[in-house]
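Enquirer: Below you'll find the structure I mean.
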Amino acid sequence: MDALTIRNASAMPAPTWGWLKMNNAEVAIPAGLAPAGAVDVDAPQELFDNARPFEVAVAEMQERVDAARGEAADDRACLRAAKTGGTHADADGDLGDLDVPALSRYQERACREEAEGDIARAFETGMGHDARSYLNFLAGEPVALGTTEGERARAVVRVEGEERAAAAVALDVVAAPDSELDLVIELDGTDDFGDADAAALIGSELRVFAGARSRVNVTVYVCALPATVVLDDEGYVLDEGARLTVRHVVLGGGTTYTGLAADLRADGARADIDTSYLATGTESRDFAYTVRHRGRKTVSNILANGVLAGTSKKVLRGTIDLVHGCKGSEGTERETVLIASEGVDNKTVPTILCDEDDVAGNHGATIGHVRPDQLFYMRSRGVSPEAAEALFLTAKLEDAALTAPTEGARAAVARLAERIAPDFDIDEADEEEAA
Amino acid sequence: MPTTPLLSVTGLTAAVDEKEILHNIDLTVAPGETHVLMGPNGAGKSTLGHVIMGDPVYTQTAGTITFDGEDVTELSPDKRSRAGLFLSFQAPVEIPGVPLSSFLRATLAARPDRALKGKEFRRRVKELCAELDMDPSYLNRELGVGFSGGEKKKVEMLQLLLLQPKLAILDETDSGLDVDALSVVSRGMDLYRKTCDGSLIIITHNTRILEHVDVDRVHVMVQGRMVREDNASLIPWIDENGFESFEQGAEDAADADGQASGAGALDGIDAGDLSAVVER
């Protein structure tokens with residue numbers, strides 16, 4: 001395949017200053033990658049048998065949402081503005097309704113979505129439409145998984161990269177009401193990869209519909225090789241009382257993109273996103289999270305914790321959108337970044353959008369180098385500054401190994417540690433103890 | 001035949017932000033000895049411990065520190081540690097993101113002669129946790145984060161016993177501990193002496209921790225000066241009489257220094273300033 005660039009990927013819903021160069025990402029797909037690599041889905045047969053189309057689940061929810069909304073007219077000026085395109089003079093110079101406000105492009109889109117209330121049209125993934133199209137093209141027919149009411153199930157999906165190859169999986173998941181699904185996705189480069197410095201791409205495209213009161217737990221481990229591009233694109237729609245728990249562990253890969261968009265469409269839905277990342281050498285990490293609170297009393301938490309070393313780069317765009325009507329909702333985003341060496345490039349853009357009262361949006365970031373008193377403490381125990389830097393990397397890897405959801409994920413972390421953390425010393429006994 | 005000292009501090013003077021806070025300190029510790037460093041708040045006891053360990057916050061402006069036959073004055077703190085020096089912190093720092101077990105592995109990895117891998121490491125650390133009444137689950141927690149004062153001091157004792165240094169400086173390891181935690185710390189000190197036959201410098205202004213320790217020498221510091229050295233009989237005397245008489249002696253010494261130099265070393269610093277600077 002030819003080289004390809006996906007522009008405006010992982011874009012912030014409401015852009016900030018362009019000169020900050022944080023509004024979106026430009027994904028460079030290396031040239032000469034052949035569709036190859038291994039995709040393995042390990043799940044009980046029932047999950048395949050009970051799969052329902054994502055679109056059908058969304059349409060059913062749409063019917064319920066429309067019925068609940070009824071015919072009550074919403075005549076707010078911002079919605080009128082979105083419908084009419086704002087105030088414009090016609091050929092006769094008549095300005096028409098002067099009470100509608102001027103809207104920015106973002107506001108116009110948001111108001112139009114609000115007026116339409118169309119779940120399918122508003123559906124989004126973190127990396128955006130173009131990246132989604134690319135991954136769907138690469139992956140081919142999506143793998144559909146579904147639970148039945150009250151069922152508890154688990155699936156493990158593994159995408160292994162190969163040198164000069166591109167491999168991806170597309171997954172559609174529908175969790176039935178009151179069911180629980182654990183989904184593990186491993187994006188990895190193995191010992192069979194070939195030339196570790198050769199270009200490669202691995203990716204995952206995930207759409208999840210979480211039915212009423214269901215619990216969906218998604219864990220993604222990324223331990224790819226240093227010349228591999230990784231695309232992890234996710235979109236979620238949550239019905240009433242559904243609970244989503246996402247854990248992103250991004251430890252390896254030359255350039256990685258992690259995008260997540262969650263639509264907390266119905267009352268009482270909740271999304272907890274916990275991200276742990278590590279970047280060494282010249283690696284680059286890009287995260288784009290958007291959580292839209294549309295239902296009442298919805299809750300979201302985006303927590304990220306990372307270590308950056310060498311001359312690595314990282315951008316994290318986190319947007320919590322408290323949409324009109326989401327009364328009683330609360331969204332929080334926090335990040336802690338440890339800069340383990342000079343020369344890293346770290347950017348964090350927390351954004352809270354709000355069009356509702358009686359809601360709470362919180363954000364915070366702690367970004368720091370190792371403090372002198374911490375460094376002296378470590379040195380007083382014989383740990384040199386170089387070893388201290390390595391310790392932060394090793395600690396991140398050891399934590400990932402100890403909390404790995406599968407043996408495959410643990411082995412991937414161990415392989416990565418072999419390359420970048422010689423002091424890594426975790427084995428099965430440690431894991432058992434931690435468990 | 002006189003024993004070769006393990007630690008020999010000679011004419012040590014140190015400053016912070018160009019203010020001299022330790023003045024011409026002499027201190028000698030022989031192998032296997034237990035010394036006690038006492039003095040009122042702000043005397044410079046903790047500062048001396050930190051300067052011996054090489055804390056870059058302080059600038060050593062004069063004197064030498066010789067350890068185990070080697071002049072370590074110019075060595076970095078990590079090299080001093082690997083040479084066999086250990087400083088237990090009065091207020092151990094928290095290091096988010098680093099589990100205690102990972103940190104312990106790193107401290108051992110820095111010492112090829114003491115490196116323990118896999119099972120050996122786990123067995124040894126678990127033994128020590130049992131000795132110190134410490135829940136092994138702490139090993140998987142981030143270093144110091146959310147630990148109580150007593151738990152932090154236990155972790156300091158755990159490292160002391162794991163690293164087995166030749167000389168340990170315990171900086172007010174007894175401060176702020178309840179009776180149970182104090183007993184664990186005492187047990188740790190006892191274990192260290194028995195298993196390593198190492199030397200100890202115990203920094204304290206509380207004589208209770210010393211009740212079960214065989215003390216060889218007692219040093220008293222006041223206002224950044226070493227004002228008295230004696231045998232263990234000085235401890236009950238201080239317990240009875242406090243440091244008041246030593247404080248007058250230190251003021252006399254400061255006056256004498258001021259007259260001798262024409263510009264006093266403590267010029268510009270009153271006692272309040274010194275406390276703020278010295279007491280960490």
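The values are calculated or read from the model by the stated rules, or taken from the named source; none is laboratory data. All values reported here derive from a predicted model rather than from experimental measurement. Here the Cβ positions follow ideal geometry from the backbone for every residue, glycine too, while neighbour counts run over all protein chains shown.
Enquirer: Among the residues of segment A:301-333, which ones are within 17 Å of the chain's Cα centre (by Cα) and either within 14 Å of another protein chain (Cβ to nearest Cβ) or among the basic types (Lys, Arg) (or both)? Break it down stepwise before answering.
Expert: Keep residues of segment A:301-333 that are within 17 Å of the chain's Cα centre (by Cα), which gives A:301-306, A:314-321, A:331-333.
A:Leu303, A:Ala304, A:Asn305, A:Gly306, A:Lys314, A:Arg317, listed by residue number.
Enquirer: Which one of A:Val359, A:Val383 is outside the structural domain of A:Ala242 (by TED's automatic domain parsing), more than 23 Å from the chain's Cα centre (by Cα) and modelled with pLDDT of 90 or more? Don't jump to the end; show me each part of the working.
Expert: On the way: A:Val359 fails: outside the structural domain of A:Ala242 (by TED's automatic domain parsing).
Among A:Val359, A:Val383, only A:Val383 is outside the structural domain of A:Ala242 (by TED's automatic domain parsing), more than 23 Å from the chain's Cα centre (by Cα) and modelled with pLDDT of 90 or more.
Enquirer: Still on this structure, I have one more. Which of (1) modelled with pLDDT of 95 or more; (2) within 25 Å of B:Val227 (Cα to Cα); (3) of a type outside the set (S, T, N, Q); (4) in contact with a Phe, Trp or Tyr (Cβ under 9 Å, 6 or more places away or on another chain) does B:Phe86 not meet, given it meets every other one?
Expert: The one condition B:Phe86 does not meet is (4).
Enquirer: Which pairs turn up if I take residues in segment A:173-186 that are farther than 9 Å from A:Arg213 by Cα and look for partners that are among the aromatic types (Phe, Trp, Tyr) and in a strand (DSSP E or B) with beta carbon separation below 9 Å, at least 6 apart in sequence or on another chain?
Expert: Taking only residues 6 or more apart or on different chains, the pairs are A:Val173/A:Phe209; A:Val174/A:Phe209; A:Ala175/A:Phe209; A:Val184/A:Tyr221; A:Ile185/A:Tyr221; A:Glu186/A:Tyr221.
Enquirer: Looking only at segment B:160-209, filter to residues that are acidic (Asp, Glu) and part of a helix (DSSP H, G or I); which one of those is surrounded by the fewest Cβ atoms within 10 Å (Cβ to Cβ)? Lay out the reasoning, then the answer.
Expert: Of all residues in segment B:160-209, those acidic (Asp, Glu) come to B:171-172, B:174, B:178, B:180, B:190, B:197.
If we keep only those that are part of a helix (DSSP H, G or I) too, we end up with B:180, B:190.
Values: B:Asp180: 10, B:Asp190: 13.
This residue is B:Asp180.
Enquirer: Tell me which residues, restricted to segment B:107-123, are in a loop (DSSP other than H, G, I, E, B), basic (Lys, Arg) and more than 9 Å from every other protein chain (Cβ to nearest Cβ). If you could, list the steps in order and put the result at the bottom.
Expert: Looking only at segment B:107-123, we keep the residues that are in a loop (DSSP other than H, G, I, E, B), and these are B:110-117.
Remaining after also requiring basic (Lys, Arg): B:111, B:114, B:117.
Hit for segment B:107-123 is B:Arg114, nothing else.
Enquirer: OK, next. Among residues belonging to segment A:293-329 that are in a loop (DSSP other than H, G, I, E, B) and small (Gly, Ala, Ser), point out the one that is farthest from A:Ser10 (Cα to Cα).
Expert: Within segment A:293-329, the subset in a loop (DSSP other than H, G, I, E, B) is A:294-298, A:309-312, A:323-329.
Imposing the further condition that a residue be small (Gly, Ala, Ser) reduces the set to A:295, A:309-310, A:312, A:325, A:328-329.
Details: A:Gly295: 24, A:Ala309: 23, A:Gly310: 24, A:Ser312: 19, A:Gly325: 26, A:Gly328: 28, A:Ser329: 25 Å.
Here the residue is A:Gly328.
Enquirer: Considering each residue of segment B:76-134, count those that are free of Cβ contacts under 8 Å to residues at least 40 places away in the same chain, polar (S, T, N, Q) and out of contact with any Leu (no Cβ under 8 Å at 6 or more places or on another chain), and give that number.
Expert: Residues meeting the conditions: 1.
Enquirer: Search segment B:58-106 for residues being acidic (Asp, Glu) and within 21 Å of B:Leu12 (Cα to Cα), and hand back the single one that is farthest from the other protein chains (Cβ to nearest Cβ). Before you say what the answer is, go through the steps one by one.
Expert: Looking only at segment B:58-106, we keep the residues that are acidic (Asp, Glu), and these are B:68, B:70-71, B:74, B:78, B:94.
From what's left, within 21 Å of B:Leu12 (Cα to Cα): B:68, B:70-71, B:74, B:78.
On the way: B:Asp68: 15, B:Glu70: 16, B:Asp71: 19, B:Glu74: 15, B:Asp78: 4 Å.
Across segment B:58-106, the extreme among qualifying residues is B:Asp71.
Enquirer: Please identify the pairs in which a residue from segment A:107-126 that is modelled with pLDDT of 85 or more has its Cβ atom under 6 Å from the Cβ atom of a residue that is surrounded by 18 or more Cβ atoms within 10 Å (Cβ to Cβ) and of a type in the set (Val, Ile, Thr), counting only partners at least 6 apart or on another chain.
Expert: Pairs that qualify, where the first residue is modelled with pLDDT of 85 or more and the partner is surrounded by 18 or more Cβ atoms within 10 Å (Cβ to Cβ) and of a type in the set (Val, Ile, Thr), are A:Ile119/A:Val58; A:Ala120/A:Val58.
Enquirer: Can you tell me which of (1) buried (at least 24 other Cβ atoms within 10 Å of the Cβ); (2) under 11 Å from the mean Cα position of the chain (by Cα) is the one A:Thr298 doesn't meet?
Expert: (2)
Enquirer: Is at least one residue of segment A:365-374 facing chain B (nearest Cβ under 7 Å), part of a helix (DSSP H, G or I) and under 21 Å from the mean Cα position of the chain (by Cα)?
Expert: no
Enquirer: Could you pull out the residue among A:Thr403, A:Thr336 that is within 9 Å of another protein chain (Cβ to nearest Cβ) and among the β-branched types (Val, Ile, Thr)? Spell out how you get there, then give the answer.
Expert: Working: A:Thr403 fails: within 9 Å of another protein chain (Cβ to nearest Cβ).
Result: A:Thr336 is the single residue among A:Thr403, A:Thr336 that is within 9 Å of another protein chain (Cβ to nearest Cβ) and among the β-branched types (Val, Ile, Thr).
Enquirer: Tell me, which residue of segment B:124-150 that is within 11 Å of another protein chain (Cβ to nearest Cβ) and in contact with a Cys (Cβ under 9 Å, 6 or more places away or on another chain) is surrounded by the fewest Cβ atoms within 10 Å (Cβ to Cβ)?
Expert: B:Pro136
Enquirer: On to the next question. When residues of segment A:231-260 are filtered for being surrounded by fewer than 24 Cβ atoms within 10 Å (Cβ to Cβ), touching a residue at least 60 places away in the same chain (Cβ under 8 Å) and closer than 21 Å to A:Arg121 by Cβ, how many remain?
Expert: 1
Enquirer: Given the condition assigned to a helix (DSSP H, G or I) and closer than 19 Å to B:Leu87 by Cα, answer yes or no: does some residue in segment B:133-141 qualify? Break it down stepwise before answering.
Expert: From segment B:133-141, those assigned to a helix (DSSP H, G or I) are B:136-140; that's our starting set.
Next, only the ones that are closer than 19 Å to B:Leu87 by Cα stay: none.
Among the residues of segment B:133-141, not one is assigned to a helix (DSSP H, G or I) and closer than 19 Å to B:Leu87 by Cα, which makes the answer no.
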